[in-house]
Ligand code: SF4
Ligand code: SF4
């Protein structure tokens, strides 16, 4: 089964992942649902943190098209495919 993980401290809430995913893996949740989280300062120096965080609610449906990996501002999506290979985000 494919696993989709998100490093939430780096998620800017840009929603690009949700917008490009063909199988609706991602949902944006209000930032205040994660009160113990500290936003990543390195990402914050480059991008604005919005009021939401992305959660992979439907990871097993991922078809590893990799679209989200190139659109993720925080470079914080990590996908582990059926064979155990890890695919990391690289913002284009
Ligand atoms: S790699 Fe998976 S999670 Fe990312 S856009 Fe494609 S189907 Fe969606
Ligand atoms: S594309 Fe990356 S930074 Fe943007 S909302 Fe999705 S997980 Fe967060």
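Values quoted throughout were computed directly from the atomic coordinates according to the rules given, and no laboratory measurement underlies them. All of these numbers come straight from a predicted model, not from anything done at the bench. Note that we place each Cβ from the backbone using ideal geometry, even for glycine, and neighbour counts take in every protein chain shown.
Could you give the nm distance between label points at residue 2 and residue 90, where each point is 7 Å from its Cα heading toward the beta carbon?
1.9 nm
As a footprinting exposure proxy, order 25, 20 by other Cβ within 10 Å, with the fewest listed first.
Fewest-to-most Cβ neighbours within 10 Å comes out as 20, 25.
Working out 0.36 nm times the residue gap between residue 42 and residue 24, then minus their Cα-Cα distance, what length gain in nm do you get to one decimal? Walk me through the intermediate numbers first.
Details: separation 18, 0.36 × 18 = 6.48 nm, distance 2.82 nm.
The span from residue 42 to residue 24 would gain 3.7 nm if fully extended.
For the pair residue 34/residue 9, report the inter-label distance in nm, with labels modelled 7 Å from Cα in the Cβ direction.
Distance between label points: 1.1 nm.
If you average the C-alpha positions of the stretch 67-87 and of the stretch 1-57 separately, how far apart do those two centres end up, in angstrom?
Between the Cα centre of the stretch 67-87 and that of the stretch 1-57, the gap is 13 Å.
Cut-off is 10 Å between beta-carbons; in what order do 89, 9, 54 appear when sorted fewest neighbours first?
9, 89, 54
Rg (Å, one decimal) plus Dmax (Å, integer) for the alpha carbons of the chain?
Computed over the Cα atoms of the chain, radius of gyration and Dmax are 12.4, 35 Å.
Tell me, 16, 85 in order of fewest to most beta-carbon neighbours within 10 Å?
Least crowded to most crowded, the residues run 85, 16.
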